[in-house]
Amino acid sequence: MANNKTNKMQINLNLNVRGIPQSATLRINEQSEELKKQGRQIYKLGLGQSPFPVPEPVVEELRANAYQKDYLPVKGLKRLREAIADYHQRRQGVSYSWEDVLIGPGSKELMFLLQFVYYGDLVIPTPSWVSYAPQAHIIGRHVRWLSTQVENNWKLTPSELYNICKEDPERPRIVILNYPSNPSGCTYIVDELKELAKVARKYQVILLSDEIYGELHHRGQHVSISRFYPEGTIISGGLSKWCGAGGWRLGAFIFPNSLRWLLDSMSSVASETFTSTSAPIQYAAVRAFKGGIEIERYLWQSRRILRNLGKELANKLTSAGVKVPMPEGGFYLFPDFSFYKDKLNAKGIKTSNELCSNLLNETGVAILPGSDFGRPADELTARLAYVDFDGARALAAAEQIPSDKNLNGQFLETSCGRLLEAVNKICDWLND
Ligand code: GLU
C-alpha cells in the first residue's frame, strides 16, 4: 500500500528530471570513498578538487568572520563585489564596477540560474564539463554540441562556431567557452580568442566564459576573452580551483553593463531560492581577491607543481601510445586510448564507460569516461584529474627547490608519488 502511494507520487516527477542520475563528478567521488571504506586501495583521479589548502591569510579572515550571522544582500557583499571588479581590472585590464558582479553559492548555481532566466539554446564544445548539458536538460533548453578534434587539442575553432550560428542567425544562444579547459587542460592563445570573439559579436551570442581555472594557467598567462567581446561576455569564476576552496561554495559572475538586465533577473530568482551566499565565506573571499604577496607566492608554486606534474603524466601516457594533449592549465588530462582499441574490445570493453569501470575494478584507479563530457559512447576517451596528492606537503617541498629549477623526478616521486603510481597502473593495465 505504502509502496503504491510512493509509486503514484513518483509518476509526478518532473519529466525533465526523470531518470537523471547524480552528477558524474560527485558520483565517482562518493563511489571512490565507499570503496576506500571497504579497504580497497583507490587512486582518486575522478573528482576535480584542488589538492592545495586554502591560503592561510584567507583562512584567518574566515576565522575572524565566523561571527557574521546576518543575511547579506542577494547580489553579494559590496566589499566583495568591489574586490572582484578590481581584481579583473588588475588582471585583465577590463574595467568593471562593483555593480556588474553577482555572487552565488558556487559558479555552478549561477550557471543554472543563467540558463533558467535566459531563453536560448546552449551551445557547448565536445568535450565539455559534465554539468553544462544536464543543467540545460533539467531546465528544458536545447543543447547543441560543437565537435572538436584531438589534433587541435579539443579546442573550438571559429568556423565550428560560425557554422552553427549561420544556420539560424537570429536564434538566441548561450555559448560556453571554458579555458583552461576542464576536461582537456588546454587553453586558447590571444589570436584564437580574437577570432572566436568576432563570430560571437557577429551573431550577438551570450558568451559565458568559464574562467574558473584561469589563475591555474600553468604559466600565469591567462587572457580573458572579455577583452575582445566585452559587451556580450559574462565571466564566470570563483574560489573553488585557484584558492583550493571548492567546499566553501563561492562563485561569481561579472557582467558587462549591457547585460545588467540579466544580472537583475538572476538575482530576483536568487532572492526566491538561495537568498544570499554564506556571509563568513564572502568576508573571507574579499581577502582572496585582494591578493598580495603571500597569495601570489602560493599561486606561483601551485602552477609550478601542476605544470611539472601534468607534463610528466602526459609524457608517461604518450610513451605508452596514448594520445593526450599536453596540459597548459588546471589539473586535468583527457587521454584517448584508441591505440588499444582492439585489445580492449577483445576484453569486451567497447565504451569509455566500460573502460573506466573495468579500470577501477581491476586497478583501483578512478577516472571519468569521455561520454560524461559529451563524447560518443564508443570513443575510448576519459578524464583524469591529477589531484590525488597532499598539496600542503607539495607546496612546502617546492619552496625548498630554487625557483629557476624544474621540479624534478625526485620531487614528483616524493610529493606526488600516488599519481605516478596511478598512471603506471593504467599503462600496465593497457599492456596486460
Ligand atoms: N568541477 C569539478 C570537476 O569537474 C567538480 C565540481 C563539480 O562537478 O561540481 O570535477
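Quick notes on this structure:
- Highlighted here are the strands (runs of 3 or more DSSP E) found entirely within the stretch 60-146 that include at least 1 residues which are over 21 Å from Ile164 (Cα atoms): 101-104.
- Annotation note: Cβ proximity below 9 Å between a residue of the stretch 113-135 that is more than 12 Å from Ile176 (Cα to Cα) and of a type in the set (Gly, Ala, Ser) and a residue that is away from the ligand (no atom under 14 Å from the Cβ) and assigned to a loop (DSSP other than H, G, I, E, B) (sequence gap 6+ or interchain) occurs for Gly120/Arg141; Gly120/His142; Gly120/Arg171; Gly120/Pro172; Gly120/Val205.
- Checking Arg249, Arg219 one by one, the residue that is touching a residue at least 40 places away in the same chain (Cβ under 8 Å) and away from the ligand (no atom under 16 Å from the Cβ) is Arg219 and no other.
- Where strands (runs of 3 or more DSSP E) fall entirely within the stretch 201-283, those with at least 3 residues that are closer than 30 Å to Asn308 by Cβ are at 233-238.
Let's see how each residue does on (1) within 16 Å of the ligand (Cβ to nearest atom); (2) of a type outside the set (Phe, Trp, Tyr); (3) free of Cβ contacts under 8 Å to residues at least 24 places away in the same chain:
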position: Ser50; (1), (2), (3): yes, yes, no
position: Gln68; (1), (2), (3): no, yes, no
position: Ala83; (1), (2), (3): no, yes, no
position: Asp86; (1), (2), (3): no, yes, no
position: Gln92; (1), (2), (3): no, yes, no
position: Ser95; (1), (2), (3): no, yes, yes
position: Glu99; (1), (2), (3): no, yes, no
position: Lys108; (1), (2), (3): yes, yes, no
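- Matching residues, the stretch 67-76, being surrounded by fewer than 21 Cβ atoms within 10 Å (Cβ to Cβ) and either within 20 Å of Gly106 (Cβ to Cβ) or touching a strand residue (DSSP E or B) at 6+ places or on another chain (Cβ under 7 Å) (or both): Gln68, Tyr71, Leu72, Pro73, Val74
- Candidate set from the stretch 172-181 (those that are touching an Asp or Glu at 6+ places or on another chain (Cβ under 8 Å) and closer than 20 Å to Thr381 by Cα); member that is nearest to the ligand (Cβ to nearest atom): Asn178
- Selection within the stretch 342-390 - surrounded by fewer than 20 Cβ atoms within 10 Å (Cβ to Cβ), among the small types (Gly, Ala, Ser) and in a helix (DSSP H, G or I): Ala346, Ser357
- Residue that is surrounded by the most Cβ atoms within 10 Å (Cβ to Cβ) [pool: residues in the stretch 16-42 that are within 15 Å of the ligand (Cβ to nearest atom) and in contact (Cβ under 8 Å) with a residue 40 or more places away in the chain]: Ile28
Listed here are the residues, each with its yes/no results for (1) surrounded by 24 or more Cβ atoms within 10 Å (Cβ to Cβ); (2) in contact with a Leu (Cβ under 9 Å, 6 or more places away or on another chain).
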| residue | (1), (2) |
| --- | --- |
| Asn182 | yes, no |
| Cys186 | no, no |
| Leu193 | no, yes |
| Leu196 | yes, yes |
| Val199 | no, yes |
| Ile206 | no, yes |
| Glu215 | no, yes |
| His218 | yes, yes |
| His222 | no, yes |
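Since every read-out is calculated from the coordinates, none of them should be taken as a lab result. If you're wondering where the values come from, they're calculated on a predicted model, not measured in any experiment. Here the Cβ is made from the backbone with ideal geometry for all residues, glycine too, and neighbour counts use every protein chain on show.
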